[in-house]
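As structure tokens, the structure follows; a few thoughts come after it.
Please treat every number below as a calculation from the coordinates, not as lab data. Remember, predicted model here, so these are calculated numbers, not experimental data. So basically every Cβ, Gly included, is an ideal-geometry build from the backbone, and we count neighbours across all protein chains shown.
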Amino acid sequence: MRPATAAFRTVPAGSPLPVCACAVAPQRFCQGGCDMAVAATGGGSGGWFPALALGVSLLKCLLIPTYHSTDFEVHRNWLAITHNLPVSQWYYEATSEWTLDYPPFFAWFECALSHIAKYFDPEMLVIQNLNYASYATVLFQRLSVILTDTLFIYAVRECCRCVSGKRIGKDLLEKPMFVLAVLLLWNFGLLIVDHIHFQYNGFLFGLMLLSVARLFQERHLEGAALFAVLLHFKHIYIYVAPAYGVYLLRSYCLTENKADGSLKWSSFSFLRITLLGLIVCLVSALSLGPFIVLGQLPQLISRLFPFKRGLCHAYWAPNFWALYNAVDKALAVIGVKYKFLDPEKMQKAAMTGGLVQEFQHTVLPSVTPFATLICTVVSILPSVFCLWFKPQGPRGFLQCLILCALSSFMFGWHVHEKAILLAILPLSLLSVQRAKDAGLYLILTTTGHFSLFPLLFTAPELPIKILLMLLFTVYSFSSLRTLFRKNGPLLNWLEILYLTALVPLEIFCEIVFPLSPWKLKLPFIPLLLTSVYCALGITYAWLKLYVSVLTESATVRQKVE
Amino acid sequence: MYGDYEAQRHWQEVTYNLPINQWYFNTSDNNLQYWGLDYPPLTAYHSLLCACIAKLINPDWIGLHTSRGYESQPHKLFMRATVFIADLLVYIPAVIMYCCYLKETSTKKKVSTALCVLLYPGLILIDHGHFQYNSVSLGFALWGVLFLSNNWDLLGSVAFCLAINYKQMELYHSLPFFCYLLGKCFKRGLTGKGLVLLIKIAVTVVAAFAMCWLPFCTEAEQILQVLRRLFAIDRGLFEDKVANIWCSLSVLIKIKNIISPQTQLKLSFAFTFLSLLPACIKLTLQPSLRGFKFALVSCALSFFLFSFQVHEKSVLLVSLPVCLIINEIPFMATWFLLVSTFSMLPLLLKDGLLLAYIGTTLAFLTVCTASFSIFEKTSAEDLQLKSFSLSIWGYIPWLKPFPKIVKSLFLVSITLMGVLSLISATLNPPQKLPDLFPIFVSVVSCLHFLIFLMYFNIVLLWDSRNSRNQKKTN
């Protein structure tokens, strides 16, 4: 059934050092036997999975008439571009300000969609019809997101099969599989970003989770291929590419370890690396080939990586730079007050911060794209080294992937707040496995989701976002607590205090502030507060995860020795 | 041109700006032709409360005369929020408490019962889509049931009085409440404890009513005028297309034209009374909690099918008690709740709620199927027809494969409803018959309801004999 698995299994068993196989095996989420058993129970217990999936899809349908952001127009424009123009002009067309800035596969995807779209409303496919949003257009675009989410649902199912059934309780509601399925399928962030704000993250995350699941199932080539395809759908996933690259090299191309778990270069399989290379090249050729032939690669790349945008998005994503900006702002204010700084010089950067794209730092040095790149690489490196020198099977890979995503979120250039989902969704997989990760997950998810609130600023969506958030947060807290009942409390008092303080913060931002006189003078205060406060939590979660991964690998090594 | 949303807003305007003795009277400031107040005092007080809050937010919303037809995004949010808050305060706690107090059920079953009841699409669509405050009166009635099932008869009667004083339609439920309490008094003996209880209940009910009507008790004319507003008999036998017997019959015979309104009234009263009678007698003679719930269903259904001046939304009054027995007969309850939602389809389409209708209905069906596995519970025993079937099987041997027949009937009915929904939503009716699809919908639903009425009566009547048998064997 799985040639790759069989090969991998038989090699260590036949080798003189079966120890390493044992050292790696317990770390794995799934093993052939329990995998099958879990799959069987998953299908048989009252069909809860289809019910969950159908339920959330119906909820998504109910969200169809809600507010949609400019991303809706972005995607409509792309439908029009790909439908009407030849491939050679896709990346040159600029009637709308929302030019095509996703890789070619996504453009092809829009092209395919446009052939269905014409049966709904051909008017949406006219490039000049800017901001066109008839009911049929909305219905079509929303339904396209809901239907492509099928891939996400499938991927979640595969991920659930990877979760070990060790902790299976009597009650369905206490099974890790069930909790994981709810945490992924009903993820608050994904719901509001995709189905209210409007984007196609669902099936893209589906591709990512599916490739992760394939790696867990030791179908490495399939996983690699899926990830390569994903990269050519949306290039933001390049942030987690180091984890994939290193893991595949270390645990797939190197078929064996030495007794102490270190590298054994003699086991390097040239066949495997050739296969991997072939897959990556093939996928890239399929995607970029036409544009290379047309000689449009530089144009394409300039569209994909627009460094002209500022360090931070209009609303600061809650990362390191948000803190940096806030410190700069605070220093500037203090400086002016105590006459350290000359107010004349600073007029340009007056208190408009957070609302303009180009942000000038007044006190601290301004940050260049190159500097953020260096920071990102430096912050990613330890996790990648850890994956290379102390491989812990797919679990270690998943940790590294999350760390890559979080690190790039912390230090990246022009990061969107939505990018936090890149860390939250994979972390769900870990959270149902260990109490430590569950605690981390709760902090990161709650803060990350809260930081998405400014995405929806219209009044009718206010109750929706708050209630959905409450629903998800209450469920995640209660389910994870029952799951790890024996492990004591998941969070310490400080963390609980921090998370509880989100409630007054929200009340202040949404209710008190609009009624107060500051609204006109300092309109950016709620965004700034949200961003900085969430940045604290996310930085904390990032550091905690890093520390836990680095120390954990040390202890595991000691155990092996 | 406006609907219930404007009606509710208008009531806020009227109650806030006019003195209480003008609320129900036609004056220069209160044109009763324009969405005049026609619900009992509690609704009016609720409107007043909402109006006070509205005044704080934006006085334009309730300006006398000037605010007619007012609609804006913030106002909509406000109005929707009032419904939601009322829901949170009255209905949802009642449902959760009810499910917590269910006897002999596992936690999982309690959770899934609560989920199913809360997800019932009809109430969600009418209250939060079409816009009404049904959950308040239904919630009070539910509190009444909850108190009665815990033997707090006085509290139960107070809660039910509140329900009646919020919406007069709650009278559909009044007979089972009355018969159950009366039966209970009889059981204790009408000379001793029973009499005391009866007097206590009577005093409580009178006191509760008096409290609600106190501001109107200044003169008799006030009370009479309110009553005239509540029971407007001049509105005809039925309005629009409602899935009851009169509307369905008028496809064949134009009852409204043939018979005089007075006769219509008498006729509908007679039919309602006759169809109620067996259930009420049974309940009075053998008051049991289970019988009480079934009687609530069958009485409300009788009222809905046969009584005078029925709205399509009144089917919610039947749905509420059906929700209460969803853990006992999940299959039939789910079926009924689906049909009841379907029967309101023309109204929902008019409100542009097609998408929400499809979404919530499918979600409800999914939850019911997943949590009760309804398709495996179609045997005579599961449908509580054991004793009935024992007495009837001898005569009709071909009914032996009963579960299969029921299941396929269910599938046929679901398909029919689905197809009709799709047709009504997508196709234009022929020009000669503009009401073709709504009539189809109401006739199909009415047929379903008739069968359900028979079913619930059978369960109720045969059940008591069964329980007595059980007692004997015990």
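Close amide-amide hydrogen proximity is noted between A:VAL415 and A:HIS313, each under 5 Å apart and 5 or more residues distant or on a separate chain (H modeled in the peptide plane; Pro and chain starts excluded).
Enclosing the Cα atoms of the protein assembly as shown in their convex hull gives a volume equal to 236 cubic angstrom per residue. Look at the stretch A:462-468: the mean tally of other chain Cβ atoms within 10 Å of its residues' Cβ atoms is 1. Evaluated at q = 0.10, 0.17, 0.18, 0.19 Å⁻¹, a Debye calculation over the C-alpha positions of the stretch B:218-305 (equal weights, vacuum) places log10 I(q)/I(0) at -0.38, -0.87, -0.92, -0.95.
Rounded, prolate or oblate: which fits the stretch A:398-493 when a ≥ b ≥ c are the square roots of the eigenvalues of the alpha-carbon gyration tensor, with rounded for a/c under 1.5 and prolate only if a/b beats b/c? It is oblate, given that a/c is not under 1.5 and a/b is not larger than b/c. Counted by neighbouring Cβ atoms within 10 Å, the residues A:TYR252, B:TYR70, A:TYR244 run from fewest to most as B:TYR70, A:TYR252, A:TYR244. Legend: mean number of C-beta atoms from other chains within 10 angstrom of residue C-beta atoms, peptide A:54-67, equals 4.
Note on A:GLN299/A:LEU147: beta-carbon distance plugged into 1/(1 + (r/R0)^6) with R0 of 22 Å gives a FRET efficiency of 0.10. Please list, in order, the residues from the stretch B:280-318 whose amide nitrogen is less than 14 Å from a point placed 7 Å along the Cα→Cβ vector of B:SER391. Inside the label zone: B:282.
When the label point is put 7 Å from the Cα of A:LYS486 along its Cα-to-beta-carbon vector, which residues of the stretch A:170-199 have a backbone N closer than 18 Å? Within reach of a label on A:LYS486: A:170-177. Pairwise inverse Cα distances across chain B, averaged and inverted, put the Kirkwood hydrodynamic radius at 23.6 Å. Amide H to amide H, with H built 1.01 Å from N, A:GLN392 comes under 5 Å of A:PHE397, counting only residues 5 or more places away or on other chains. The phi torsions of the stretch A:241-252, fed into the Karplus equation with coefficients 6.51, -1.76 and 1.60 and a -60° offset, translate into couplings of 4, x, 4, 4, x, 5, 5, 5, 5, 6, 9, 10 Hz, rounded to whole numbers, with Gly and Pro shown as x. Maximal additional length on extending the A:ALA459-A:ILE374 stretch stands at 26.5 nm, based on 0.36 nm per residue less the C-alpha distance.
Amide H contacts of B:PHE238: B:GLN309, each under 5 Å away and 5 or more positions distant or on a separate chain (H built 1.01 Å from N in the peptide plane; Pro and chain starts excluded). Among A:VAL363, B:VAL406, a tally of other beta-carbon atoms within 10 Å of each Cβ gives an order, fewest to most, of A:VAL363, B:VAL406. The tail of the calculated P(r) for the stretch B:88-162 beyond 17 Å holds 47 percent of all Cα-Cα pairs. Taking the charge dipole of the protein assembly as shown about its Cα centre, with +1 at Lys and Arg Cβ atoms and -1 at Asp and Glu Cβ atoms, the residue from B:LEU89, B:LEU450, A:CYS534 reaching farthest to the positive side is B:LEU450. Whole-percent P(r), the stretch B:287-421, all Cα pairs, 5 Å bins from 0: 2, 9, 16, 19, 20, 18, 10, 5, 2, 0, 0.
Computed 3J(HN,Hα) for the stretch A:399-415, one whole-Hz value per residue from the Karplus formula 6.51 cos²θ - 1.76 cosθ + 1.60 where θ = phi - 60°, is 4, 5, 4, 5, 5, 4, 4, 5, 4, 5, 5, 5, 10, x, 8, 6, 7, glycine and proline marked x. Here B:TYR2 and A:PHE270 are evaluated by their C-beta separation; at R0 = 60 Å the FRET efficiency comes out at 0.20.
Let me check I've understood the local charge: for B:LYS55, count other residues with C-beta under 14 angstrom from its C-beta, Lys and Arg +1, Asp and Glu -1. What total comes out? Result for the local shell: -1. Ranked by the mean number of other Cβ atoms within 10 Å per residue, highest first, peptides A:147-156, B:16-25 order as A:147-156, B:16-25. Taking every Cα-Cα distance in the stretch A:177-321 and sorting them into 5 Å bins starting at zero, the pair-distance distribution P(r) comes out as 2, 8, 12, 15, 17, 15, 13, 10, 6, 2, 0 percent.
Take each residue in B:366-377, count the other chain C-beta atoms within 10 Å of its C-beta, and the mean is 3.
Sorting B:CYS217, B:CYS100 on the 10 Å Cβ count, fewest up front, what's the list? Intermediate values should be presented prior to the final figure.
On the way: B:CYS217 10, B:CYS100 13.
Going from least to most buried by this count: B:CYS217, B:CYS100.
Divide the volume of the convex hull around the Cα atoms of the stretch A:103-243 by the residue count and you get 130 Å³ per residue. Here the scattering of the stretch B:142-227 is modelled by Debye summation over its C-alpha atoms, one equal scatterer each and no solvent; at q = 0.15 Å⁻¹ the log10 of I(q)/I(0) is -0.59.
Using the Cβ-Cβ distance between A:LYS521 and B:PHE269 with R0 set to 60 Å, the FRET efficiency from 1/(1 + (r/R0)^6) comes to roughly 0.30.
For the stretch A:57-67, the Karplus equation 6.51 cos²θ - 1.76 cosθ + 1.60, evaluated at θ = phi - 60°, returns couplings of 5, 5, 4, 4, 4, 5, 8, 3, x, 6, 4 Hz by residue, with Gly and Pro reported as x. Given axes a ≥ b ≥ c from the Cα gyration tensor, I'd like to know whether the stretch A:160-243 is rounded (a/c under 1.5), prolate (a/b larger than b/c) or oblate. Here the stretch A:160-243 falls in the oblate category. Counting charges near B:LEU355 (Lys, Arg +1; Asp, Glu -1) among other residues having Cβ under 13 Å from its Cβ returns a value of +1. Relative protection proxy for A:285-295, B:165-175, from highest mean packing down: B:165-175, A:285-295 (other beta-carbon atoms within 10 angstrom). The Kirkwood radius of the stretch A:192-241, taken over pairs of alpha-carbon atoms, gives through the Stokes-Einstein law at 37 °C and 0.692 mPa s a diffusion coefficient of 292 µm² s⁻¹.
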